[in-house]
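J.: Right, I'll just put the structure down here and ask away after.
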Amino acid sequence: MRQKSRCLFGICAGFILAALLLVKRNPQPSYQGISLETWLLRYSDASSYEIDVAGQEKAAEAIRLMGDTALPDLLKWIAYEQTPSRQKLLKLVSRLPSACAQPLARSIDRTEIRTALAQKAFNVLGRQASNAVPGLINLMVRTNNARSSVRAMMALQAIGEPAVNSLRQALSSQDPATRRMADYVLTNMPVQERAGPETWALTGSTNASAR
């Protein structure tokens with residue numbers, strides 16, 4: 001029994017080492033010494049179960065203050081596609097005892113969690129993330145991964161009006177799939193966002209200055 005436990009411990013230790021080698025920790029933008037990812041986790045946790053409005057708004061404000069500096073990481077997380085090597089490693093990890101497998105799986109494929117957090121970030125930033133529009137358009141139309149395309153479409157929808165011109169240009173694409181995706185995003189965007197500032201001026205909408 002003791003020998004079996006030692007064997008399992010050795011296997012787990014080996015997988016932990018492999019996970020640490022695979023997971024590269026690149027510096028993230030931070031606010032008040034707290035990383036972008038941590039603020040996003042706080043925002044996500046505050047909006048779950050019993051909503052912590054104050055905690056959620058504090059995290060949202062931190063995300064907004066990081067602004068453009070957060071966009072390269074958010075684009076990278078949105079574009080994430082699981083590599084074959086990670087798929088194989090996760091498959092091996094799944095054969096371990098659950099107490100060992102679950103934390104290992106989370107550490108190996110941490111970016112899978114980040115993709116969901118990035119989507120929340122674009123919802124928080126809205127128009128403030130306008131500089132990400134070109135990257136999101138490219139991701140929407142050029143990726144071979146349907147999940148990445150959908151994430152990019154949802155982010156563009158969250159950004160709203162600053163993405164409209166690029167999406168309208170995509171409607172003229174010779175690629176039918178690109179036209180369908182651009183049409184979907186525009187159709188599901190709030191009417192005022194699709195209309196743009198010119199229409200606000202014509203209709204006398206008071207919401208334009210409040211957005």
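J.: For a quick check of your reading of the model, give me the residue pairs whose first member lies in the stretch 76-99 and is assigned to a loop (DSSP other than H, G, I, E, B), whose second is modelled with pLDDT of 65 or more and among the polar types (S, T, N, Q), with beta-carbon atoms closer than 8 Å and at least 6 apart or on different chains.
T.: Once the first residue is assigned to a loop (DSSP other than H, G, I, E, B) and sits in the stretch 76-99, its partners that are modelled with pLDDT of 65 or more and among the polar types (S, T, N, Q) give A79/S148; Y80/T111; Y80/T115; Y80/S148; E81/N145; E81/S148.
J.: Residue under question is I11, and the condition is that it be surrounded by 13 or more Cβ atoms within 10 Å (Cβ to Cβ), over 30 Å from R127 (Cβ atoms), modelled with pLDDT of 50 or more and among the hydrophobic types (A, V, I, L, M, F, W, C); does it hold? Give the steps one after another, and end with the answer.
T.: Numbers: surrounded by 13 or more Cβ atoms within 10 Å (Cβ to Cβ): yes; over 30 Å from R127 (Cβ atoms): yes; modelled with pLDDT of 50 or more: yes; among the hydrophobic types (A, V, I, L, M, F, W, C): yes.
It is true that I11 is surrounded by 13 or more Cβ atoms within 10 Å (Cβ to Cβ), over 30 Å from R127 (Cβ atoms), modelled with pLDDT of 50 or more and among the hydrophobic types (A, V, I, L, M, F, W, C).
J.: Can you tell me which residue within the stretch 130-148, out of those that are surrounded by 14 or more Cβ atoms within 10 Å (Cβ to Cβ) and among the aliphatic types (A, V, I, L, M), is nearest to P176 (Cα to Cα)?
T.: Per the stated criteria, the residue is V141.
Residue-wise test of (1) surrounded by fewer than 17 Cβ atoms within 10 Å (Cβ to Cβ); (2) more than 16 Å from the chain's Cα centre (by Cα).
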| residue | (1), (2) |
| --- | --- |
| A116 | yes, no |
| Q128 | no, no |
| V150 | yes, no |
| E161 | no, yes |
| D175 | yes, yes |
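J.: In addition: I'm trying to understand the selection: among the residues of the stretch 19-46, which are modelled with pLDDT of 85 or more and either in a loop (DSSP other than H, G, I, E, B) or touching a Pro at 6+ places or on another chain (Cβ under 9 Å) (or both)? If you could, list the steps in order and put the result at the bottom.
T.: Initial filter on the stretch 19-46 (modelled with pLDDT of 85 or more): 28-44.
Residues satisfying the conditions are Q28, P29, Q32, G33, S35, L36.
J.: Restricted to the stretch 49-86, and to residues that are acidic (D, E) and within 29 Å of A146 (Cβ to Cβ), which residue is modelled with the lowest pLDDT? Please lay out each step first, then the result.
T.: Applying the first criterion (acidic (D, E)) to the stretch 49-86 yields 50, 52, 57, 61, 68, 73, 81.
Subset that is within 29 Å of A146 (Cβ to Cβ): 68, 73, 81.
Values: D68: 94, D73: 94, E81: 75.
Only one residue tops the list, namely E81.
The values are calculated or read from the model by the stated rules, or taken from the named source; none is laboratory data. The shown structure was predicted, so the numbers you read here are calculated from the model rather than taken from an experiment. Please note: Cβ atoms are built from the backbone with ideal geometry, for glycine as well, and neighbour counts cover all protein chains shown.
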